[in-house]
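Worksheet: one structure, shown below.
The values are calculated or read from the model by the stated rules, or taken from the named source; none is laboratory data. The model shown is predicted, which means the values in this text are computed figures rather than measured ones. Backbone-built Cβ (ideal geometry, glycine too); neighbour counts: all protein chains shown. The accessibility values were calculated without ligands, DNA or RNA, using every heavy atom of the protein model including side chains. Shrake-Rupley method; radii C 1.70, N 1.55, O 1.52, S 1.80 Å.
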Amino acid sequence: MDKQAVRQTLDQLAAFLVVKGEKASRVRALQHAARSELLATGRSSALDELREQVPPGLAEMLRIPGLGAAKVRQIHELLGIESLAELEAAAGDGRLAALPRFGAKTAENVRRGIAHLRQASTLRLFHHAQDEVDAVRRALAGLEGAGVLRVEIAGTVRRRCEVIGALDLVAVHEGQGAREALVRRLGEAPGVTEIAGREGSVTLRFASGTVVEVLLTTPERFGLDWIRATGSPAHVAALETRARQMGISLSAAFSDEPSLYRALGLTWVPPELREGTGELEAAATDRLPHLVEPGDLRGFLHCHSNYSDGTVTIADWAAACSAAGYEWVGITDHSKSAAYAGGLGTDDVAQQHLEIDAVNARVSGIRVLKGVEADILADGTLDYGPDVLDRFDFVIGSIHSRFGMSEAEMTRRVLTAMDDPHLAIIGHPTGRLLLQREPYAIDLEQVLAKAAARGIAVEVNADPHRLDLDWRMVRRARELGVTLSIGADAHSTSGMSNVAVGLGIARKGWLEPDQVLNTRAADAFLAFARARLVAAG
Ligand SMILES: [Zn+2]
Ligand SMILES: [Zn+2]
């Protein structure tokens with residue numbers, strides 16, 4: 001690690017500590033300790049653990065120019081804000097300006113800073129990109145009198161990639177003659193500050209910093225152009241090769257996607273699969289997977305209540321999950337060694353279980369299950385003894401500390417945890433935070449093989465900052481016969497929307513309903529989770 005990288009890492013460490021409310025003297029001491037570790041190993045365990053403790057949305061806020069750690073802490077404490085979107089709203093509606101030492105000018109600077117951040121960062125998380133491009137889609141679809149027939153999202157957002165660079169739309173207009181008028185209207189659309197045209201497409205730059213590529217097409221060519229604007233280069237190239245071999249011209253009229261795939265002897269390929277990784281071969285022989293859908297999910301898994309670092313009561317989780325149509329909800333608070341996240345001591349566990357029993361007795365239509373997200377300690381043991389673990393309906397085991405182990409040590413740590421018959425699910429299996437922290441070193445091949453052999457599920461953590469297991473490895477897990485679970489990792493009811501993002505990753509990994517643990521009824525889920533305990537007698 002060079003000097004500048006060390007400096008930046010130490011600055012980040014300090015910012016996280018200030019956000020957490022640490023005193024200046026302690027910040028300096030921890031920086032000092034981290035410096036030698038960084039020089040020796042290139043990694044700081046203190047920083048890795050802070051990234052676990054500071055909500056990812058706050059880490060994003062620290063990147064807003066002019067908004068220091070002390071102010072981020074103030075915003076979080078006084079307004080309860082944890083995301084850029086919430087902050088943007090507060091900057092717009094006067095709540096931010098009303099904070100002590102803020103004022104209208106600071107609020108305006110924050111608003112501009114967020115715009116700048118969007119503009120400056122070429123890569124952003126899926127959920128931010130989806131919100132952005134969908135807002136533009138709605139604005140363009142509402143252009144009246146400009147002959148816009150339809151506007152659709154394309155590109156990596158439509159393919160539900162985990163990290164997004166460019167934003168792409170396809171706009172359908174009436175005939176070639178209408179194109180010029182449309183381009184003029186696009187340039188006048190709300191918020192557009194710049195428009196640059198190329199053949200058949202325009203680039204729109206918005207005051208917010210958002211840049212969107214809009215492909216212009218006619219109804220006759222819409223199917224072909226939507227496929228071109230959606231697929232990865234490899235997918236599109238494979239289609240072109242196939243068309244050439246079959247002597248079919250792709251410049252012919254294909255007004256919808258299925259008709260083009262059909263002409264090439266293929267079934268329609270869901271957008272998530274259009275990565276050029278074997279989907280055409282499968283589509284040619286009608287062997288594409290029947291991908292898991294939102295309506296298949298019966299259980300809501302991995303959520304934190306106000307017993308640990310969540311903000312929601314058990315009764316509120318039951319009500320929210322019931323209202324969302326789930327049959328069961330698996331509450332999974334942190335275990336005792338996760339002191340930073342209010343992990344539950346043994347007495348807390350007993351109290352929580354009484355409360356869950358009471359809610360189950362009172363509420364109908366939803367079943368609350370007693371789960372836990374137990375830390376996998378450095379030696380591979382789970383941090384409650386068997387007597388306490390026995391009291392849970394199911395156990396997720398996750399790593400929240402000591403990320404800097406060697407690959408051999410880390411792999412052994414997880415494989416050891418898998419020998420504990422209580423372990424039902426491995427949580428966020430690589431510890432990555434997208435655009436913030438690399439995965440820890442681990443031999444996933446060994447972990448997945450053992451998970452398949454032992455009947456342990458592996459999580460697709462649906463927090464949009466994690467999306468861990470990576471979809472490429474989800475596909476590998478599927479091949480090996482591993483059962484996967486979609487874990488919301490929600491700390492408030494707004495985190496319930498994570499499931500839709502995680503579902504996109506499950507679909508990208510070719511998962512069908514029976515490969516996803518959440519599609520099972522509560523009793524079948526419990527049978528899976530406790531199968532090894534039952535076998536062990
Ligand atoms: Zn976790
Ligand atoms: Zn969690």
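The table that follows gives values for the structure above.
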quantity	calculated
Sequence-separation-based contact order of the stretch 253-359, relative, with Cα cut under 8 Å and 6+ spacing, percent	19 percent
Inter-label distance, nm, simple model (7 Å from Cα along the C-beta direction), A98/E293	4.5 nm
Dipole magnitude of the stretch 1-147, debye to nearest 20 (Cβ charges: Lys/Arg +1, Asp/Glu -1, about Cα centre)	620 debye
Per residue value of the accessible surface for the stretch 256-375 (all protein chains in place, 1.4 Å probe), Å²	39 Å²
Whole-Å distance, taken between Cα centres, linking the stretch 289-337 and the stretch 226-267	41 Å
Where only C-alpha atoms are counted, convex hull volume of the stretch 379-452 per residue in Å³	94 Å³
For the stretch 105-257: Kirkwood Rh in Å [reciprocal of mean 1/r, alpha carbons]	16.5 Å
Point-to-point label distance, R454-T285, nm (Cα→Cβ direction, 7 Å offset)	3.4 nm
Volume per residue that the Cα convex hull of the stretch 1-72 spans, once the total is divided by residue count, Å³	82 Å³
Rounded tilt (10° steps) of 24-41 against the dominant C-alpha axis of the chain	70 degrees
Over the stretch 1-124, equivalent-ellipsoid semi-axes from the Cα gyration tensor in Å	28, 16, 12
Under the Debye formula (equal points on every Cα, no solvent term), log10 I(q)/I(0) of the stretch 233-380 at q = 0.08 Å⁻¹	-0.46
Alpha-carbon centroid distance for the pair the stretch 49-115 / the stretch 505-537, whole angstrom	40 Å
Label point distance in nm, D387-S259, each placed 7 Å from Cα along Cα→Cβ	7.2 nm
P(r), alpha carbons of the stretch 309-358 - 5 Å bins starting at zero, rounded %	5, 19, 26, 25, 14, 8, 3
Rel. contact order, % - alpha carbon contacts under 8 angstrom, at least six apart, the chain	11 percent
DSSP loop GluC sites (Glu not before Pro) with at most 13 other Cβ within 10 Å excluded, longest remaining stretch of the chain	200-537
Listed residues Y326, L239, P294: farthest to the positive end of the dipole of the stretch 208-330 (Cβ charges)	L239
Highest average packing first - 2-8, 487-493, Cβ atoms within 10 Å	487-493, 2-8
Over the chain, volume per residue of the alpha carbon convex hull, in Å³	175 Å³
Selection of trypsin sites (Lys or Arg not before Pro), the stretch 65-136, meeting DSSP coil and at most 10 other Cβ within 10 Å	R101
Helix-only CD estimate at 222 nm, as mean residue ellipticity for the chain, using -39500 (n - 2.57) per DSSP H run (n ≥ 4)	-13500 deg cm²/dmol
Mean separation of Cα contacts under 8 Å, 6 or more apart, over the residue count of the stretch 330-374: relative contact order %	54 percent
Square roots of 5 times each gyration tensor eigenvalue, C-alpha, the stretch 252-337, largest first, Å	43, 15, 11
Pairwise Cα inverse-distance average, inverted: Kirkwood Rh of the stretch 331-374 (Å)	11.0 Å
Gain in span if fully extended, A378 to D347, counting 0.36 nm per residue against the direct Cα distance	8.7 nm
Portion, in percent, of the accessible area of the stretch 48-165 that falls on carbon or sulfur, probe 1.4 Å	49 percent
Rg/Rg_globular for the stretch 233-296, with Rg_globular taken as 2.2 N^0.38 Å and Rg from C-alpha atoms	1.15
Compactness of the stretch 385-537 as Cα Rg over 2.2 N^0.38 Å, two decimals	0.99
The stretch 138-265, dipole about Cα centre (Lys/Arg Cβ +1, Asp/Glu Cβ -1), debye to the nearest 20	260 debye
Extended-chain gain in nm, criterion 0.36 nm per residue less alpha-carbon gap, R28 and Q176	46.8 nm
Estimated translational D of the stretch 308-460 in µm²/s (Stokes, Kirkwood radius over Cα pairs; 20 °C; 1.002 mPa s)	131 µm²/s
Listed residue (V312, L382, A29) projecting farthest to the positive dipole end of the chain, Cβ model	A29
Test item: Cα-centred dipole of the chain, Lys/Arg +1 and Asp/Glu -1 on Cβ, debye	1220 debye
